[in-house]
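The values are calculated or read from the model by the stated rules, or taken from the named source; none is laboratory data. All figures in this text were calculated on a predicted structure; none of them were measured in a lab. Reconstructed Cβ throughout: ideal geometry from the backbone, glycine too, with neighbour counts over all protein chains shown.
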Ligand SMILES: NC(=O)c1ccc[n+]([C@@H]2O[C@H](COP(=O)([O-])OP(=O)(O)OC[C@H]3O[C@@H](n4cnc5c(N)ncnc54)[C@H](OP(=O)(O)O)[C@@H]3O)[C@@H](O)[C@H]2O)c1
């Protein structure tokens, strides 16, 4: 079993894995693993369940106990029994006995109260089929409400140079104070942040002889203590991402990245309750 303290800084994301060409994708996943990446995130909604089915081969090759596997509950929970049923589907398809972390992916669409969902997840922990409890895409108020009833181990949310909403709304600080590991998705905004060629990233990239993406990943991990979850099945880009940790930037440069603001993203108001508008899981996909 992988202890939560032993998770590699970059997790393996699985959105958009090419299921049609999985024979080509598996060696890339193996490459990630052989370079230390041991955190794997799965979601049944990706490609109608195909990603989970296809990635099983990777899990089997590596050996289940060498991976920390996080799975996501779909937002279609209408009855509390759906929580166990959805988890069980992952266990059956992957032919494993437990998941390392279980989280509700999109609480804004949940039809039953969050606390009820999480009380049920805690029951699954006591049954030994879930090791840790995660939560994703909630705001500070929702996090505090759930964490006061059920202890949360992981928070998964969007964080990158341009989208700092979880810093602004106090979630990052709360996680830090309460020992909750913050996992961020879309740290590179699927490569779109670098394409914007912000002068600050260009300056630091030149100064440290690293790519803009490496500057972002280094800052997120070393300065913010956030674990980026990145999807890449391209060996060159996997290398690029992993080689983000072998350098230190000056205090002043980390400070410049901390202070960087994007007026576009700062102006967005998020729909936390699923009533329409921009939902937090779509924030990083705006403006391009
Ligand atoms: N909880 C949530 O609501 C939520 C939301 C979104 C995502 N997620 C999870 O987080 C993971 C990561 O998010 P994401 O996949 O949306 O975004 P991402 O990791 O920022 O970007 C992935 C995309 O960028 C490319 N890429 C990776 N490294 C790159 C690099 N160094 N330079 C240029 N392009 C690069 C990948 O293509 P190649 O494979 O060709 O390299 C892929 O198309 C997902 O896979 C998913 O597991 C969770």
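Things to note:
- Qualifying residue in region 55-64 (condition: surrounded by fewer than 18 Cβ atoms within 10 Å (Cβ to Cβ), part of a helix (DSSP H, G or I) and in contact (Cβ under 8 Å) with a residue 40 or more places away in the chain): no
- Enumeration of residues in region 262-281 that are surrounded by 13 or more Cβ atoms within 10 Å (Cβ to Cβ) and not in a loop (DSSP other than H, G, I, E, B): 265, 280, 281
- Residues of region 195-205 that are surrounded by 14 or more Cβ atoms within 10 Å (Cβ to Cβ), more than 15 Å from residue 220 (Cα to Cα) and under 24 Å from the mean Cα position of the chain (by Cα): 196 alone.
- Considered as a group, the residues in region 1-31 that are farther than 25 Å from residue 224 by Cβ, touching a helix residue (DSSP H, G or I) at 6+ places or on another chain (Cβ under 7 Å) and outside any loop (DSSP other than H, G, I, E, B) include one that is nearest to the ligand (Cβ to nearest atom), and that residue is 28.
- Filtered residues of region 32-48 (kept if surrounded by fewer than 22 Cβ atoms within 10 Å (Cβ to Cβ), within 12 Å of the ligand (Cβ to nearest atom) and in a helix (DSSP H, G or I)): 46, 47
- Summed over region 181-217, residues that are more than 9 Å from the ligand (Cβ to nearest atom), in contact with a strand residue (DSSP E or B) (Cβ under 8 Å, 6 or more places away or on another chain) and free of Cβ contacts under 8 Å to residues at least 60 places away in the same chain total 1.
- Qualifying residue in region 225-236 (condition: more than 13 Å from the ligand (Cβ to nearest atom), closer than 28 Å to residue 12 by Cβ and surrounded by 15 or more Cβ atoms within 10 Å (Cβ to Cβ)): no
- Residue in region 218-225 that is modelled with pLDDT of 95 or more, at positive phi and in contact with a strand residue (DSSP E or B) (Cβ under 8 Å, 6 or more places away or on another chain) present: yes
- Filtered by the rule that a residue be buried (at least 17 other Cβ atoms within 10 Å of the Cβ), over 20 Å from the mean Cα position of the chain (by Cα) and not in a helix (DSSP H, G or I), region 237-261 gives a lone residue, 249.
- Residue identified as modelled with pLDDT of 95 or more and more than 14 Å from the ligand (Cβ to nearest atom) among 169, 160: 169
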